[in-house]
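Comments concern the structure below.
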Amino acid sequence: MGTDSRAAKALLARARTLHLQTGNLLNWGRLRKKCPSTHSEELRDCIQKTLNEWSSQINPDLVREFPDVLECTVSHAVEKINPDEREEMKVSAKLFIVGSNSSSSTRSAVDMACSVLGVAQLDSVIIASPPIEDGVNLSLEHLQPYWEELENLVQSKKIVAIGTSDLDKTQLEQLYQWAQVKPNSNQVNLASCCVMPPDLTAFAKQFDIQLLTHNDPKELLSEASFQEALQESIPDIQAQEWVPLWLLRYSVIVKSRGIIKSKGYILQAKRRGS
């Protein structure tokens, strides 16, 4: 095992929380895999490359400090938005809750995204359906704690607009009727339905909800795939001790031209029992 792997292993053995951020993937250059076939493959590749880059550049002072929270990033790819250009950019994010039942993950993810990008607020946040047990249908009760936290973030001006993903007409209607801050969009996975369901289309049109399409898998990041990426990047680590809590994917688009200026991932993981 190389010196950098030993340092990374020692730090991860003591830390309680891991914050992993890829920086702007468009700045990755040689690190970028040419054509990942799926979002899951791209994400796993990003996690491994970020861990590899971070572990190869660990400051020796950090090993002496053994911080509780590790900030793991590709330093040359980090890119904040120029304040003078902020009005020209649309900053959007999609939040995936992975291994956390805590709605506070929502605030944590949004705060970290704002900090990473150097902005006061995000223009739009879509929340993917939170994980539920097999055989259980998603209900309003599953969504409510996360939606309430998103509403708080809208009211505190951290987010402008909030949306949902993969809700059918009944689920969207229930959320709309209950919510104080209404969803302004709902993503539909065209892999599961080639044509927008007519009842969903009619409801969305009536209440001015934008229907968008996406091709994310049902589970973009599993606990097992995160642990495998960790194990492959830093051999001999107790990877099974680490659980990903949430994942946020962001994009920064130049409004006038519709081109992507920046995109990346931010992830938080915790050691079990910490």
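The values are calculated or read from the model by the stated rules, or taken from the named source; none is laboratory data. In this text the structure is predicted, and so the values were computed from the model without any measurement. So basically every Cβ, Gly included, is an ideal-geometry build from the backbone, and we count neighbours across all protein chains shown. Protein only, heavy atoms only, side chains kept; ligands, DNA and RNA dropped before computing areas. Shrake-Rupley method; radii C 1.70, N 1.55, O 1.52, S 1.80 Å.
Calculate the FRET efficiency for Asp68 and Glu141 from the Cβ-Cβ distance with a Förster distance of 30 Å, rounded to the nearest 0.05.
Given R0 = 30 Å and the Cβ-Cβ separation, E is 0.35.
State the Kirkwood hydrodynamic radius of the range 157-256 in Å, one decimal place, computed from all pairs of distinct Cα atoms.
Kirkwood hydrodynamic radius for the range 157-256: 16.4 Å.
When all protein chains stay in place, what accessible area (Å², nearest 10, 1.4 Å probe) is found for Thr170?
Looks like 80 Å² after rounding.
Given the whole protein assembly as supplied and a 1.4 Å probe, what does the accessible area of Tyr176 come to in Å², nearest 10?
40
Going 7 Å from the Cα of Ser192 in the Cα-to-Cβ direction, what parts of the range 205-231 have a backbone nitrogen less than 19 Å from that spot?
210-223
May I ask you to give the percent of accessible area on the range 175-269 that is carbon plus sulfur, with a probe radius of 1.4 Å?
With neighbouring chains kept in place, the figure for the range 175-269 is 51 percent.
Taking the Cβ of Ser256 as the centre, find all other residues whose Cβ is under 14 Å away and add up their charges (Lys, Arg: +1; Asp, Glu: -1).
Every neighbour counted, the sum reads +2.
With a cut-off of at most 12 other beta carbons within 10 Å, and DSSP calling the residue loop, which GluC sites (Glu not before Pro) in the range 35-143 qualify? Please list them.
Glu133
Residue by residue, what Karplus-based ³J(HN,Hα) values in Hz, rounded to whole numbers, does the range 153-164 have, using 6.51, -1.76 and 1.60 with θ = phi - 60° and x for Gly and Pro?
6, 5, 5, 8, 6, 8, 9, 8, 9, 10, x, 10
Ignoring trypsin sites (Lys or Arg not before Pro) that are buried or in helix or strand per DSSP, and keeping those with at most 15 other beta carbon atoms within 10 Å, what is the longest stretch of the chain between them?
Here the longest segment lacking exposed loop sites spans 81-156.
Students often get this wrong, so try it: which of (1) 146; (2) 278; (3) 119 is volume of the Cα convex hull per residue in Å³ as calculated from the structure shown?
Label of the calculated value: (1).
With all protein chains present, calculate the accessible area of Trp28 using a 1.4 Å probe and round the result to the nearest 10 Å².
Its accessible surface works out to 10 Å², give or take rounding.
Need one number: % antiparallel among DSSP beta bridges in the chain, to the nearest 5.
DSSP beta bridges in the chain are roughly 55 percent antiparallel.
Measuring with a 1.4 Å probe in the full set of protein chains, what accessible area per residue, in whole Å², belongs to the range 69-172?
For the range 69-172, the per-residue accessible area is 45 Å².
Which lysines does Lys169 reach when only Cα atoms under 27 Å apart count, and residues fewer than 8 places away in its own chain are ignored?
Correct list for Lys169: Lys94, Lys182, Lys205, Lys218.
Before anything else, pin down the relative contact order of the chain: Cα pairs under 8 Å, at least 6 apart, normalised by residue count, whole percent.
27
Rounded to the nearest 500 deg cm²/dmol, what is the calculated helix-only ellipticity per residue at 222 nm for the chain, with -39500 (n - 2.57) per DSSP H run of length n ≥ 4?
So the helix-based figure for the chain works out to -11000 deg cm²/dmol.
Evaluate the relative contact order of the range 131-185 (contact order divided by residue number), counting alpha-carbon pairs under 8 angstrom at least 6 apart; express in whole percent.
34
For Ile159, which sequence-distant residues (separation of 5 or more, or a different chain) have an amide H within less than 5 Å of its own amide H, given hydrogens modelled in the peptide plane?
For Ile159, the qualifying residues are Leu122, Val154.
Per residue of the range 89-97, what does 6.51 cos²θ - 1.76 cosθ + 1.60 with θ = phi - 60° give for ³J(HN,Hα)? Whole Hz please, x for Gly and Pro, Karplus curve as stated.
Once θ is set to phi - 60°, the couplings for the range 89-97 become 10, 10, 9, 10, 9, 10, 10, 10, 7 Hz.
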